[in-house]
Amino acid sequence: MYRMLVDDLSSQLVSVGHTAEVTCVCFGTRSDVFASASSEGAIKVWDLNNYSVLAETRVTAPGGARCMCWIGDTAVVSGWEDHFVRCHDASTMQALWEIPNAHRGAVTTVATHSDASLSYVLSGGEDGSVRIWALRSRELMLQFVEHKKGVSQVLVDVKSPNLVHSAGLDCSVFTYDLRKVSRTAICHCPPHTTDHHSPPPH
């Protein structure tokens, strides 16, 4: 990325972006800083005030990163094609921890929650499972396997962090209560189809 002056059209290199497909981007608690990752394993943290790269690293892993999220504004958690969940310090990109073989297949979505009463990493994978890991110890706390296809998104409920939501490629949405260790809601959305034989609306 270059900054150009309108007076003489001179340019100055500000930052260098990814050289492979960008697979995910995410914001943390700040609106002026975001993270991105690519299929070649590069992770970058960007400053939107001047479009510079604050920190970056490259992980040697086949397939690269598939998803990412923040822990507050201090660390970036990412899910990978090689079945790993990895965490890096946002300011230095130092590797903090990793969960090997987090899923039987690519890790396709991650989310986190951290407060005084409850802290965890939430992950979903191509294997259709939703897994909850203790943030401090990275031990597997809970697992739900109800999706018939891969999990496309996991979210922590904005009001009740003991509730988590998952959406899958099977057109299902589930809500789980971590305290009750049970599913509390389910929604099946039929796949969108177009009936070419239906008459046009009047």
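The values are calculated or read from the model by the stated rules, or taken from the named source; none is laboratory data. Keep in mind that this is a model prediction, so the values were computed, not measured. Positions of Cβ are generated from backbone atoms using ideal geometry, with glycine treated the same way; all protein chains shown enter the neighbour counts. Remember, those area values only see protein heavy atoms, side chains included, never the ligands or the DNA or RNA. Shrake-Rupley method; radii C 1.70, N 1.55, O 1.52, S 1.80 Å.
Using a 1.4 Å probe over the heavy atoms of the protein chains, calculate the carbon and sulfur portion of the accessible area of the chain as a whole percent. List each step's numbers first, then the result.
Details: 6100 of 11310 Å².
The nonpolar share, carbon plus sulfur, comes to 54 percent.
Over all distinct alpha-carbon pairs, what is the Kirkwood Rh of the chain in angstrom? Provide the component values of the computation, followed by the final result.
Working: mean 1/r = 0.0542 Å⁻¹.
Every distinct Cα pair counted, the radius reaches 18.4 Å.
Work through the residues other than A42 whose Cβ is under 12 Å from its Cβ and net out their charges, Lys, Arg +1 and Asp, Glu -1.
Values: positive: K44, R58; negative: E21, E40, E56.
Its environment carries a net charge of -1.
With just the Cα atoms of the range 1-100, tell me how far they stretch along each of the three principal axes, in Å, largest first.
Rounded to whole Å, the extents work out to 53, 27, 18 Å.
Any idea which of V6, S160, A102 is furthest toward the positive side of the dipole for the chain, if Lys and Arg beta-carbons carry +1 and Asp and Glu beta-carbons -1?
Of the listed residues, the answer is S160.
Let me have the relative contact order for the range 79-184, percent, based on Cα pairs under 8 Å that are six or more residues apart. Display every interim value, and only then the final one.
On the way: 259 pairs, mean separation 18.2, N = 106.
With pairs under 8 Å counted, the relative contact order is 17 percent.
If contacts are Cα pairs under 8 angstrom and at least 6 residues apart, what is the relative contact order of the chain in percent? Walk me through the intermediate numbers first.
Numbers: 508 pairs, mean separation 19.4, N = 202.
Value for the chain: 10 percent.
Can you give the charge dipole size of the chain about its Cα centre, rounded to the nearest 20 debye, using +1 on the beta carbon of Lys and Arg and -1 on the beta carbon of Asp and Glu?
On the way: 16 positive and 21 negative charges, 132 e Å.
Taking the Cα centre of the chain as origin, the dipole is about 640 debye.
How big is the gap, in Å, between the Cα center of the range 69-115 and the Cα center of the range 120-193?
Taking the Cα centre of the range 120-193 as reference, the centre of the range 69-115 is 17 Å away.
For the full complex of protein chains and a 1.4 angstrom probe, list R131, R30, R179 by accessible area with the highest value first.
On the way: R131 25, R30 110, R179 165 Å².
Highest to lowest solvent-accessible surface, that is R179, R30, R131.
Report, ordered by chain and residue number, the lysines lying within cross-link reach of K180, taken as a straight Cα distance under 27 Å and ignoring same-chain residues fewer than 8 apart.
Once the sequence-local lysines are set aside, what remains near K180 is K148, K149, K159.
Go through 113-119, 184-190 and give me the packing order, highest mean Cβ count within 10 Å leading. Walk me through the numbers on the way to the answer.
Numbers: 113-119: 11.3, 184-190: 9.6.
Descending packing order for the listed peptides: 113-119, 184-190.
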